[in-house]
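Down below is the structure, laid out as structure tokens.
Coordinate-derived values only; no laboratory data. Quantities reported herein were computed from a predicted structural model and do not represent experimental measurements. Cβ placement follows ideal geometry from the backbone for every residue including glycine, while neighbour counts extend to all protein chains displayed.
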Amino acid sequence: MACENLTLTYLIEQEFEKAEQQWNEYIDVISDNNKMRESELGLSIVESSLHSNKASIEYKTKQFQELNRYALDTKGSTTYALDLINYNNNSECTVGSQTSIKPKYDISEIWDLVCSENAQEKEEGIFLKKMENRKDYSNIYSLLSKEIPGYKNLPEEAQNSLIEAERRINDKSSPDFAPCVLAYAKSVEISLRKIVFERFREYSKSGAFDIEFHIQVSMTDKYNKAQNFISYIVKGKHLELGSMAFALKITTGKTAKKIKLLELFNNYVSQHLEIPSLFEDQIISKLQTLAADFRNPAAHSKSFNQEEALRVRDITFEMLNLLD
């Protein structure tokens, strides 16, 4: 099993030649042992056992070849190690022991492990540093999947923004956590726009209702509070987090009673997307706070400390779990 574990480690580290060499040496040793037993015993009683052993070797070798092929195909993935381990763990015949990726180590912790005097910690730190260098964030993905069960269903841009934020959140050497704050807030902004607003825009243009009539009614000056939302529906004009939070807010106020399109939006999100809580005052308030107090200032050079970044992280996880 130790030889199989070493082979798996080489594959995880993308040392493909070493993995194949290690596996071939492992198979040669087993084959030699079988021949030795057959020569020493020379008894028919062991023939079935040897035949079974040979079949097992062939089966395992086939599994290694499939695992190696999968590794080569997924090389370059930002979750390469996690994907490979899951593929192996879910196979009928695994290479090595069942294993997992520990969630998560941040940049400073990895460096502490690399510099550790403890041999095991140092080895783990080097392993994680290699992952970091090849942009394999399996350990962060593993954590985010626990904190946000629907993480893998988020837009790819939002996933990447979250990974970048998580890489930096505990960086002891960082003098400013503004990039971290912005990355968290952007993940909410991207997800809210793509999961909620873009889907409604597509729905409005699908013929589900007379969109042209509702737009014409909504474009009068007296309904200027809804102009950003209407412009988005008509032209796809970019909506930032603050504008989306405001649009959510006015769908529950007096403006919504005058503009049918806002009511249709509320119904679509509440019933079709099944996220009625998105219109709750406390949720809208948190989105507005995230935009006004954190996202916008971080984008315009304001500095933030770690405590503030952790607060943004909490809000971010709550909002993204809501959108799942």
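Counting every Cα pair in the range 178-323, what percent are over 24 Å apart? Roughly 32 percent, rounded to a whole number. Normalising by residue count, the chain has a Cα convex hull of 171 Å³ per residue.
Only lysine pairs 8 or more places apart or on separate chains count here, and in the range 178-323 those with Cα atoms under 16 Å apart total 23. For the range 142-213, pairs of C-alpha atoms spaced more than 13 angstrom apart make up 70 percent of the total. Only Cα pairs under 8 Å and 6+ residues apart enter the sum, and on that basis the relative contact order of the chain stands at 16 percent.
Here the gap between K258 and N90, fully extended at 0.36 nm per residue and compared with their Cα-Cα distance, gives a gain of 54.9 nm. Look at the alpha carbon pairs under 8 Å that are at least 6 residues apart: their mean separation over the length of the range 178-323 gives a relative contact order of 39 percent. Applying 1/(1 + (r/R0)^6) with R0 = 35 Å to the Cβ-Cβ distance of E198 and K18 gives a FRET efficiency near 0.15.
Longest stretch of the chain clear of exposed loop sites (trypsin sites (Lys or Arg not before Pro), DSSP loop, at most 16 other Cβ atoms within 10 Å, sites excluded): 1-74. With the simple spin-label model, which puts each label point 7 Å out from Cα in the Cβ direction, the Q306 to E147 separation comes to 1.4 nm. A straight line joining the Cα centroids of the range 125-162 and the range 269-300 runs 24 Å. Residue by residue, the range 179-191 carries 3J(HN,Hα) couplings of x, 5, 4, 5, 5, 4, 4, 5, 5, 6, 4, 5, 5 Hz when phi is fed to the Karplus relation 6.51 cos²θ - 1.76 cosθ + 1.60 (θ = phi - 60°); x denotes Gly or Pro.
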